[in-house]
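These notes concern the structure reproduced below.
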Amino acid sequence: MTVSRVINDRPGVGPETRQAVNEAIRALGYTPNVAARSLVTSAELRIGVVYSNPSAAFMSDFLTGVFEEASIRGARLILLKGGEGGRPPSAADLKALVASGIRGVILAPPLGESPVVLRALAKAGLPMAAVGAYGVKDAISVRIDDRRAAYEMTQALIQLGHRHLGFIVGNPNQAASAQRMAGFQDAVRETPGATTIIAQGDFSFASGLAAAEELLDATPPPTAIFASNDDMAAAVVSVAHRRHLDVPRELTVVGFDDTPAAVTLWPPLTTVHQPVRKLAAEALGRLTAEIAKTTPDGQSGCEHVLDHEIVARQSTAALPTA
């Protein structure tokens, strides 16, 4: 009781005793579990949102989904942005977030697969929900079937007659990138005579520009390019326009995510609709349910897979026969 009074800066403890307790706290390096304390001392639901994603369009949809669900549930969001290019926040920033009294954390991709972030939050005993993550233990995972979605999109290109296909890979440190690449390759392997050219990106528009130049410089260039997200697909369209290539008559381009970027360029992108807002809202809903459990320490990881959809627009066309 005396230690509790000192930690919470309450009266009823003499100066000498208070000093001795503080010295012991410093010597032991003790940090109060603010998350656990807040369950008892506060009715406010405070949720941390940790993010660092190079796609502004994706993050716009993600944060909109989180904000809308938080409003419904009366939750207060504490945002923490990581470094550029999907890098995690610093250890000090993560420690400060934990100390702010949050009761759980939502992780935007790719941070839901960051060992640094996951270890720090697990050590603090905080429930976690990761969007778009694969193979994450002791955390809720909400995602789509990226491999199946990429397979279906590649099949659609093949059905249009395309046999020389370009593919732009996403962030190499993100499992969804490998899943999308695997789905693309699954469809290609089933198609006799199909050939591919692969370029590396990182989900950013800038990386899409470089990858598009690489693919279109090939001899012969692909007749269709599948980019692993809409930002990189938009970059492909930009490069095609600069080279005076008609999209889709001379080059078919498809993307992934169905973010606002897909419909703000010409021609609008054919893409995989990933329900980003719904994924984010689902993650927050399941996280709050986890927090409400009477025994939150018993949390175990679980995956929830939502539906995707192929959205056909004007960036695709059948391969000319002559």
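For the stretch 162-176, the criterion of being part of a loop (DSSP other than H, G, I, E, B), under 30 Å from Thr223 (Cβ atoms) and polar (S, T, N, Q) is met by at least one residue.
The set of residues in the stretch 161-177 that are in contact with a strand residue (DSSP E or B) (Cβ under 8 Å, 6 or more places away or on another chain) and surrounded by fewer than 17 Cβ atoms within 10 Å (Cβ to Cβ) comprises His164, Pro172.
The numbered conditions (1) touching a strand residue (DSSP E or B) at 6+ places or on another chain (Cβ under 6 Å); (2) at pLDDT below 95; (3) not in a helix (DSSP H, G or I) are all true for Gly112 except (3). For the stretch 71-92, a residue qualifies if it is buried (at least 16 other Cβ atoms within 10 Å of the Cβ), of a type in the set (Gly, Ala, Ser) and within 14 Å of the chain's Cα centre (by Cα), and the qualifying residues are Gly82, Gly86.
For Asp246, the conditions (1) in a loop (DSSP other than H, G, I, E, B); (2) in contact (Cβ under 8 Å) with a residue 24 or more places away in the chain; (3) surrounded by fewer than 24 Cβ atoms within 10 Å (Cβ to Cβ) are fulfilled apart from (2).
May I ask you to list the residues in the stretch 197-228 that are within 15 Å of Ala176 (Cβ to Cβ) and in contact with a Gly (Cβ under 6 Å, 6 or more places away or on another chain)? Hits for the stretch 197-228 are Gly201, Phe203, Ala227, Ser228. Would the stretch 93-106 turn up any residue that is modelled with pLDDT of 90 or more, part of a strand (DSSP E or B) and under 16 Å from the mean Cα position of the chain (by Cα)? Yes, the stretch 93-106 contains a residue that is modelled with pLDDT of 90 or more, part of a strand (DSSP E or B) and under 16 Å from the mean Cα position of the chain (by Cα). The single residue among Ala120, Ala133 that is in contact (Cβ under 8 Å) with a residue 12 or more places away in the chain, among the aliphatic types (A, V, I, L, M), buried (at least 16 other Cβ atoms within 10 Å of the Cβ) and part of a helix (DSSP H, G or I) turns out to be Ala120. Assess whether Leu63 counts as being modelled with pLDDT of 90 or more and either surrounded by 21 or more Cβ atoms within 10 Å (Cβ to Cβ) or in a helix (DSSP H, G or I) (or both). In short, yes. Listed conditions (1) under 23 Å from Gln274 (Cα atoms); (2) without any contact (Cβ under 8 Å) to a residue 12 or more places away in the chain are all met by Ala92, apart from (1). Scanning the stretch 177-199 for residues that are assigned to a helix (DSSP H, G or I) and without any contact (Cβ under 8 Å) to a residue 40 or more places away in the chain turns up Ala178, Ala182, Gly183, Gln185, Asp186, Ala187, Val188, Arg189.
Scan the stretch 252-268 and tell me whether some residue there is modelled with pLDDT under 95, more than 22 Å from Ile225 (Cα to Cα), surrounded by fewer than 20 Cβ atoms within 10 Å (Cβ to Cβ) and in contact with a Lys or Arg (Cβ under 9 Å, 6 or more places away or on another chain). No: the stretch 252-268 contains no residue that is modelled with pLDDT under 95, more than 22 Å from Ile225 (Cα to Cα), surrounded by fewer than 20 Cβ atoms within 10 Å (Cβ to Cβ) and in contact with a Lys or Arg (Cβ under 9 Å, 6 or more places away or on another chain). Sub-8 Å Cβ pairs linking a first residue in the stretch 68-85 that is under 10 Å from Ile106 (Cβ atoms) and in the same structural domain as Val98 (by TED's automatic domain parsing) to a second residue that is loosely packed, with under 14 Cβ neighbours inside 10 Å and of a type outside the set (D, E, K, R), at least 6 apart or interchain, number zero. With respect to the stated conditions, Ala122 is assigned by TED's automatic domain parsing to the domain that holds Asn53, under 17 Å from Ser90 (Cα atoms) and not aromatic (Phe, Trp, Tyr).
With the checklist (1) in a loop (DSSP other than H, G, I, E, B); (2) within 18 Å of the chain's Cα centre (by Cα); (3) surrounded by fewer than 18 Cβ atoms within 10 Å (Cβ to Cβ) in hand, flag the one item Asp202 doesn't pass. Of the numbered conditions (1) in a loop (DSSP other than H, G, I, E, B); (2) within 18 Å of the chain's Cα centre (by Cα); (3) surrounded by fewer than 18 Cβ atoms within 10 Å (Cβ to Cβ), the odd one out for Asp202 is (3). Every test in (1) out of contact with any strand residue (DSSP E or B) (no Cβ under 8 Å at 6 or more places or on another chain); (2) within 27 Å of Ala133 (Cα to Cα) is passed by Phe184 save one, and that test is (1).
Looking only at residues in the stretch 207-243 that are more than 24 Å from Met59 (Cα to Cα) and of a type in the set (Asp, Glu), which one is surrounded by the most Cβ atoms within 10 Å (Cβ to Cβ)? The selected residue is Glu214. Check whether at least one residue in the stretch 42-57 is under 26 Å from Glu282 (Cβ atoms), among the charged types (D, E, K, R) and modelled with pLDDT of 90 or more, and report yes or no. Checked the stretch 42-57: at least one residue is under 26 Å from Glu282 (Cβ atoms), among the charged types (D, E, K, R) and modelled with pLDDT of 90 or more.
The values are calculated or read from the model by the stated rules, or taken from the named source; none is laboratory data. Keep in mind the model is a prediction, meaning the values are calculated, not measured. Please note: Cβ atoms are built from the backbone with ideal geometry, for glycine as well, and neighbour counts cover all protein chains shown.
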